[in-house]
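Here the structure is laid out as C-alpha cells; the discussion comes afterwards.
Only the coordinates and a few stated rules stand behind these numbers; no lab work does. Since the structure is predicted, the reported quantities are computational estimates derived from the model, not experimental observations. Every residue, glycine among them, receives a Cβ derived from its backbone with ideal geometry; neighbour counts consider all protein chains shown.
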Amino acid sequence: MHLPIFDLHNDLLPFLIEQENRSFLDPLSRCSYLQMKQGGIETQVLAIFTKRSPNSIDLAQKQSEKLQWLHEHPSYFSPISQQAQPTAISTIAAFEGASGFADEDEPLAMSLQRLANYQRKIGPLFYIGITWNEENRFGGGSDTSIGLKPDGFHLLEWLDNRKIAVDLSHASDALAYDILTKIDQNNWRIPLIASHCNFRKVHFVIRNLPDELVHEVIHRKGLIGLNFFAPFVHKEDPNGLIQHIEYALTLNAKEALCFGADFFCDRDASNLQAKYPGQSFYHVPYDTAECYPLLLEKLAVKLELPLLQSIAYENARTFLDTQILGITTSGT
C-alpha cells in the first residue's frame, strides 16, 4: 500500500560524514535516497546528530555542509522552503543534541549566535533535542535522572516564539517534566514533540514515553514519531510496531502520531552494539526506509484510510506548516 510519508528522523547526515566519499545512494545507511523513494517518503527530517564530545561543534558543521551538498542535487533533495522537483525528497534539518551548536565551556551567547547562524544558513529547523542520552550543559539525557540546568532554561527562553520545536526523545523524565513546567510558568510559545519515541507501556525501556508525557504531547498538539529501532519496539516481534500504534490510538493520539523511524548504519554505532548486546538494531522487514508500504498494508487491515493518511503524512505536515513554517490553513 503506497501513501506519501513524512518521516521525522533519520541519520543520513551522520552517515555521510562518518567516512569520506560516502554516497546518499548507499543502502548501508538504511535511509538512502532510493530506499526513501521506494518507501514513499516525500518529506524527511534530517537529524544533525551530536553527543557531548570535544569535537561536537565540528561534527555538526560537517553535517550541515552535507545537507547543503544534498541540495546541490535538486533532482534528489530539495529544501522544504523550495518547490521540489517531482523526483526530489523535501528535507528540513533538526538538531539531535544541542552539543552540535554549544561547546560545554563557551559563553552561552556564542552558542545561541551559532544556532541563529544555522537557521540563516540551512533554513528553518524543525526541532532541537536538548541532549542525546548523556548529560550536557543544558540538562540530562535519557540515561540519567538529571533535569533542566540553568543554561537549559536560557535555551528555552531563547526558543520562545522562534518556531522551533523542542524534542523530548532523548530527555530524561526529569528533564522532560522540567521543560513542561518552565514552558507553562513562563507562557512560552514553544512547540513540543517526541520525534522518535515509542510507548513505555507497550515495551518498557527508558527511551520510550510514559503515558503522562504522551498525554502532555497530545494536549499541546505536538507529534510522536514512531521509532523502528528494535530495542525500543519489541525484543522479538517485528509487529510490535503495530502494537505501539494501536496503544497510541487508545490514548487518543490520532492527531499526534506519525513516523520517526530513526534509520542509521549499524557499523557506525559500536556504542549501541555494546549497549544492546546480541540484539538486532531493526526487525526484518521494517529495517530500511523501503518498509513503509508493507507496514501500511498491515495497518490497513485494522485502520481506516483517513487515519492511515494522517499517521503517514498529514499530522506531521500540518504541524510543520502551522507550528514551524507559520503557514495558516483555512477551514470550512
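Starting from 0.36 nm per residue, how many nanometres of slack lie between Q83 and D58 once their C-alpha separation is accounted for?
6.0 nm
Taking trypsin sites (Lys or Arg not before Pro) as exposed when DSSP calls them loop (any state but H, G, I, E, B) and at most 12 other Cβ atoms lie within 10 Å, what is the longest stretch of the chain free of them, the sites themselves excluded?
By the stated rule (loop sites, at most 12 other Cβ atoms within 10 Å), 1-188.
Computed FRET efficiency, Cβ-Cβ of K182 and Q19, R0 35 Å: what is it to the nearest 0.05?
0.30
Could you pull out every one of the lysines with an alpha carbon less than 30 Å from that of K298, ignoring same-chain neighbours closer than 8 positions?
K37, K201, K221, K235, K254
What number, rounded to the nearest 500 deg cm²/dmol, is the helix-based mean residue ellipticity at 222 nm of the chain, given -39500 (n - 2.57) per DSSP H run of at least four residues and division by all its residues?
Rounded to the nearest 500, the figure is -10000 deg cm²/dmol.
Hey, fewest Cβ within 10 Å first, where do Y313, Y33 land in order?
The most exposed by this proxy come first: Y313, Y33.
I need the helices of the chain that pass two filters: whole DSSP H segments spanning 18 Å or more by Cα along the axis, and mean Kyte-Doolittle score no lower than -1.0.
56-70, 108-122, 173-186
Suppose we flag GluC sites (Glu not before Pro) only when DSSP calls them loop and at most 11 other Cβ atoms lie within 10 Å. Which is the longest uninterrupted stretch of the chain?
Between the exposed loop sites, the longest stretch runs 73-235.
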